[in-house]
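A.B. asks: Got a structure for you, questions after.
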Amino acid sequence: MVAALNEALLDPARLPAVVADVQELIDAEVSDKSGASGLALKGGYGAVKKVGPSIVPDAVEGLLPSFVTRLEPFWGDYRASGGSSFGDYLAARGEEVANALLGVTDEKIEGTSKSAVKKVYSSLRPSAQKHVEAALPRLGALVEKHAN
């Protein structure tokens, strides 16, 4: 295992594979959603991908360094604890990890002057928390795949 996540996940030689895997993770998480909110999420996500097929990978690549920075302390703690799975480690700290990761987008939204964007984001933030928590086992597996 590498000592620092940025060495593995942000290495220019590996970055395209990491971005592709993160996009697959997002696709899988959206696909797994059910009910009315799941239908709305799938519809919105599908629309975004149709409008601009590069929107999701571009967003992933742009935000990945900040997400890696937020994951780094959890990775260090996980490695020190000798746990069996980073996904299990993250899931056990779901609320804390989700808030750390969503802090990246929280900061982006705070920096915008567009009040309509802020309003929509604040209305979606609570459900985003639940979705991020649900994705943590897959995220942990993805990180381990690229960090080993």
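A.B. asks: Just round it to a whole percent: the fraction of Cα-Cα distances in the chain exceeding 22 Å. List each step's numbers first, then the result.
C.D. replies: Working: 4499 of 10878 pairs.
Value for the chain: 41 percent of Cα pairs lie more than 22 Å apart.
A.B. asks: Something else about it: Around ILE109, with a cut-off of 14 angstrom between Cβ atoms, what is the net charge of the other residues, counting Lys and Arg +1 and Asp and Glu -1? Working shown, then result.
C.D. replies: Numbers: positive: LYS108, LYS114, LYS118, LYS119, ARG125; negative: ASP106, GLU107, GLU110.
After counting each charged neighbour, the total is +2.
A.B. asks: Using a Cα-Cα cut-off of under 23 Å, which lysines could be cross-linked to LYS42, ignoring same-chain neighbours fewer than 8 residues away?
C.D. replies: Leaving aside lysines fewer than 8 places away in the same chain, those within reach of LYS42 are LYS33, LYS50, LYS118, LYS119, LYS130.
A.B. asks: Between GLY46, LEU10, ALA59, whose Cα lies farthest towards the positive end of the dipole of the chain when Lys and Arg beta carbons carry +1 and Asp and Glu beta carbons carry -1, centred on the Cα centre?
C.D. replies: GLY46
A.B. asks: Give the Debye-formula value of log10 I(q)/I(0) at each listed q (0.14 Å⁻¹), with one equal scatterer per alpha carbon of the stretch 1-82, two decimals each.
C.D. replies: -0.60
A.B. asks: Follow-up question, since we're still on this one. Just the accessible area per residue of the chain, please: how many Å² with a 1.4 Å probe? Don't skip to the answer; put the middle values down first.
C.D. replies: Numbers: 8240 Å² over 148 residues.
On a per-residue basis, 56 Å².
A.B. asks: Quick one: if you stick a label point 7 Å off each Cα along the C-beta vector at ASP58 and GLU96, how many nm between them?
C.D. replies: Label-label distance for ASP58 and GLU96, simple model: 3.7 nm.
A.B. asks: Pull out the extension gain between SER37 and GLU144, defined as 0.36 nm times the separation in residues minus the alpha carbon to alpha carbon distance; nm, one decimal. Intermediate results must be reported in sequence, preceding the final value.
C.D. replies: Numbers: separation 107, 0.36 × 107 = 38.52 nm, distance 3.04 nm.
Difference between extended and current length: 35.5 nm.
A.B. asks: OK, next. Explain nothing, just the number: dipole magnitude of the stretch 1-132 about its Cα centre with +1 on each Lys and Arg Cβ and -1 on each Asp and Glu Cβ, in debye rounded to the nearest 20. Could the numbers behind the result be given before it?
C.D. replies: Numbers: 14 positive and 17 negative charges, 132 e Å.
With only Lys, Arg, Asp and Glu charged at Cβ, the dipole is about 640 debye.
A.B. asks: Over the chain, what percent of the accessible surface lies on carbon and sulfur atoms, probe 1.4 Å?
C.D. replies: On the way: 4860 of 8240 Å².
Heavy-atom surface of the chain belonging to carbon and sulfur, 1.4 Å probe: 59 percent.
A.B. asks: Give the residues of the stretch 82-109 whose amide nitrogen is closer than 13 Å to a point set 7 Å from the Cα of SER66 in the direction of its Cβ.
C.D. replies: The answer is 100-109.
The values are calculated or read from the model by the stated rules, or taken from the named source; none is laboratory data. Values in this document were obtained by computation on a predicted structure and should not be read as measured data. Counting neighbours? That spans all protein chains shown, and the Cβs are built from the backbone with ideal geometry, glycine included. SASA here: full protein model, heavy atoms, side chains in, ligands and nucleic acids out. Shrake-Rupley method; radii C 1.70, N 1.55, O 1.52, S 1.80 Å.
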